[in-house]
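Worksheet: one structure, shown below.
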Amino acid sequence: MVNEWVTDLGSQGLSSSSVRQSYRLLSQIMRSAADTNLIAATPCRGVRLPRMPQTEPHIVTPKQADLIAAATPAPHDALIMLLAYAGLRIGEAFAVRRSSFDVDARTISVTEKVVEIGGQLSFDTPKSHQKRSVTLPEFVVVRLRVALAGIDAAPDALLFDNSRGGPQHYTGWRRSYFDPAVRAVGLTDFTPHDLRASHATWVAERHGVMAAAARLGHARASVTTRHY
């Protein structure tokens with residue numbers, strides 16, 4: 001039954017990423033229902049999910065990443081820095097809160113992500129439930145201090161919220177902030193995920209694949225080498 005539902009989502013024109021996100025949400029609901037004995041067992045096992053399109057990431061230099069940040073209005077320039085120098089996924093960056101930071105220790109705790117399904121936003125654990133703490137360069141902490149000064153004092157206040165205080169929609173954020181900055185520095189066909197891929201490359205070249213995997217939240221180094 002779930003296989004047919006997944007197939008139907010694809011036939012409606014949803015992208016592979018959206019179908020997989022929808023499945024993950026259903027799987028969590030069914031797993032919770034099984035854990036509380038509302039159903040005998042989760043039906044979300046052995047489901048055939050659509051493959052994600054495989055494209056080569058565009059790797060930039062730290063200088064190019066800095067130019068993108070410089071071309072992005074505050075506080076979203078700090079978001080660019082988190083993608084490039086902490087290796088966050090874009091959904092993880094959208095979920096960053098005041099309480100995510102330990103400024104004195106120069107660390108950020110990655111415990112949530114924003115997911116968008118059918119235009120609706122919700123919070124979830126990071127991919128593969130790999131929560132982690134990432135050490136930040138001092139120059140990123142300096143910029144984050146400025147961004148933190150401009151948001152609500154509540155611990156759960158989002159650092160990169162929309163005009164209503166909620167999380168960002170990916171498409172709207174790209175259109176308003178990311179894509180204009182990328183064009184301003186002369187790059188084309190460049191995505192937020194390419195900054196994460198660039199970070200993985202920088203760390204792997206300097207400290208090895210295991211260090212890169214830990215910062216990216218990959219359970220195994222083989223995942224890092226396969227994707228980056």
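The values are calculated or read from the model by the stated rules, or taken from the named source; none is laboratory data. Everything numeric in this text was worked out from a predicted model, so none of it was measured. Note that we place each Cβ from the backbone using ideal geometry, even for glycine, and neighbour counts take in every protein chain shown. These accessible areas exclude ligands, DNA and RNA; they are computed on the full protein's heavy atoms, side chains included. Shrake-Rupley method; radii C 1.70, N 1.55, O 1.52, S 1.80 Å.
Table for the structure above
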item: Residue satisfying condition, being surrounded by 19 or more Cβ atoms within 10 Å (Cβ to Cβ) and either assigned to a strand (DSSP E or B) or of a type outside the set (Val, Ile, Thr) (or both), within set Leu121, Leu83; result: Leu83
item: Residue satisfying condition, being hydroxyl-bearing (Ser, Thr, Tyr), at negative phi, open to solvent by 30 Å² or more (accessible area, probe 1.4 Å) and touching a Lys or Arg at 6+ places or on another chain (Cβ under 9 Å), within set Ser109, Ser99; result: Ser109
item: Selection status of Leu148, at pLDDT 95 or above, assigned to a helix (DSSP H, G or I) and crowded, with 16+ Cβ neighbours inside 10 Å; result: no
item: Count of residues meeting criterion [buried (at least 16 other Cβ atoms within 10 Å of the Cβ) and part of a helix (DSSP H, G or I)] in segment 180-200; result: 10
item: Qualifying positions in segment 89-110 - farther than 18 Å from Ile151 by Cβ and out of contact with any strand residue (DSSP E or B) (no Cβ under 7 Å at 6 or more places or on another chain); result: Ile90, Asp104, Ala105
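Yes/no per residue for (1) open to solvent by 80 Å² or more (accessible area, probe 1.4 Å); (2) farther than 23 Å from Ala200 by Cβ; (3) at pLDDT 85 or above; (4) touching a Gly at 6+ places or on another chain (Cβ under 8 Å):
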| residue | (1), (2), (3), (4) |
| --- | --- |
| Ser27 | no, yes, no, no |
| Ala41 | no, yes, yes, no |
| Arg48 | yes, yes, no, no |
| Thr55 | yes, no, no, no |
| His58 | no, no, yes, no |
| Pro62 | no, no, yes, no |
